[in-house]
């Protein structure tokens with residue numbers, strides 16, 4: 001092979017390699033000097049919700065179950081025996097004096113009819129003898145005897161009339177007919193309960209209070225029923241033998257309430273006015289003590305607090321905070337003292 005040709009070939013390869021090296025060096029310098037550098041990542045601030053500590057009213061309540069009852073209610077009792085005949089139905093509105101039902105007893109009805117006819121007959125005979133006395137055909141003694149018989153017949157008539165009236169059931173006041181205890185057409189015995197009458201416009205809630213709270217419960221104590229504020233009317237300061245509770249009741253106003261329904265009541269057992277109050281969710285334990293996170297100039301500060309009266313969503317602060325302080329109102333788990341935060345503005 002020609003040595004000159006070999007040298008030319010080697011020289012050409014070195015030129016190509018040198019050119020490529022120069023291009024790579026220039027590209028490296030360009031990327032180092034001219035290509036924009038990535039900006040360092042700035043971590044975003046934790047967003048927290050805050051609340052301002054301020055005086056407020058706080059109440060401690062206990063949850064109780066009560067039953068709606070009519071304040072005015074009565075059970076009509078049978079004063080005789082016979083077959084029940086209802087003239088009105090359950091749920092029907094009645095006025096005082098309305099006839100609701102009656103007990104059919106043929107013997108009593110017959111006795112009244114006979115005594116009524118007897119009294120009329122004795123009255124006629126007495127009036128006849130009285131007129132004959134003026135003519136001298138009868139003596140005064142005979143007239144007095146007939147008068148006595150007539151008076152006795154009046155007494156018998158009044159007695160049978162009362163017996164018949166006792167077989168009737170009249171509404172004692174304006175109200176609503178409750179459930180009949182005995183079906184229509186059934187036999188009724190004396191002393192048996194027949195029907196209930198109640199006033200739906202005057203309702204009470206009967207509740208049983210645990211004995212542990214007996215000393216702190218008084219009449220006129222606030223109680224929340226159906227989200228309305230009422231007050232206790234009566235409190236029995238004696239434990240019931242069956243329930244081992246202290247019975248109490250509160251009068252309520254409710255047009256749609258169903259008698260006999262169970263309702264939830266919140267009885268206020270303690271109340272404080274114009275004290276520092278914060279949300280319960282703001283509290284957390286650290287080393288066995290209660291703390292909150294206070295926010296000062298968007299920085300977290302750990303503060304130990306002492307609590308007092310507590311309810312479901314709020315708690316009284318006795319020490320550690322003052323009115324106007326801003327604290328993290330909830331979810332303090334991922335925070336730490338000195339941490340920068342951003343305040344949520346809803």
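Take every pair of alpha-carbon atoms less than 8 Å apart whose residues are at least six positions apart; their mean separation over the length of the chain yields a relative contact order of 27 percent.
For a footprinting-style exposure proxy, rank 340, 208 by other Cβ within 10 Å, fewest first. It would help to have the intermediate numbers written out before the result.
Working: 340 11, 208 18.
Fewest to most other Cβ atoms nearby, the residues stand as 340, 208.
Largest GNM mean-square fluctuation among 187, 127, 236, using the chain with Cα springs under 10 Å: 127.
Relative to the dominant Cα principal axis of the chain, helix 106-133 is inclined by about 40°.
Once you keep just the Cα pairs under 8 angstrom separated by 6 or more residues, what percentage relative contact order results for region 169-305?
18
Reducing region 205-235 and region 256-296 to their Cα centroids gives an inter-centroid distance of 19 Å. Each principal axis of the Cα cloud of region 271-311 was evaluated for its coordinate range; sorted largest first, these ranges are 34, 26, 14 Å.
What do you get for the angle between helix 3-34 and the principal long axis of the chain? Use alpha-carbon atoms, 0 to 90 degrees, nearest ten. Between helix and principal axis, roughly 40 degrees. Against the chain, whose longest principal axis is taken from its Cα atoms, helix 140-165 shows a tilt of about 20°.
At q = 0.12, 0.14, 0.21 Å⁻¹ the log10 of I(q)/I(0) for region 74-198 amounts to -0.58, -0.67, -1.06, computed by Debye summation with a single uniform scatterer per C-alpha, solvent ignored. Taking only the alpha carbons of the chain, we obtain Rg and Dmax values of 47.8, 195 Å in that order.
If the chain between residue 227 and residue 52 were fully stretched, how many nm would it gain, using 0.36 nm times the residue separation less the Cα-Cα distance?
That works out to 60.3 nm of additional length.
Highest mobility in the GNM of the chain, judged by mean-square fluctuation with C-alpha springs under 10 Å and restricted to 49, 206, 145, is found for 145.
Computed per residue of the chain from DSSP H runs no shorter than four, each worth -39500 (n - 2.57), the mean residue ellipticity at 222 nm is -9000 deg cm²/dmol.
The residues 152, 325, when put in order of fewest to most other Cβ atoms within 10 Å, stand as 152, 325.
Among 173, 137, which comes first, second and so on when ranked by fewest other beta-carbon atoms within 10 Å? It would help to have the intermediate numbers written out before the result.
Values: 173 14, 137 10.
Ascending number of Cβ neighbours within 10 Å: 137, 173.
Every read-out reported here was derived from the displayed coordinates using simple, explicitly stated rules and does not represent laboratory data. Here the structure is a predicted model, which is why all the values come from computation and not from measurement. In this analysis, Cβ positions are derived from the backbone assuming ideal geometry, glycine residues included, and neighbour counts consider all displayed protein chains.
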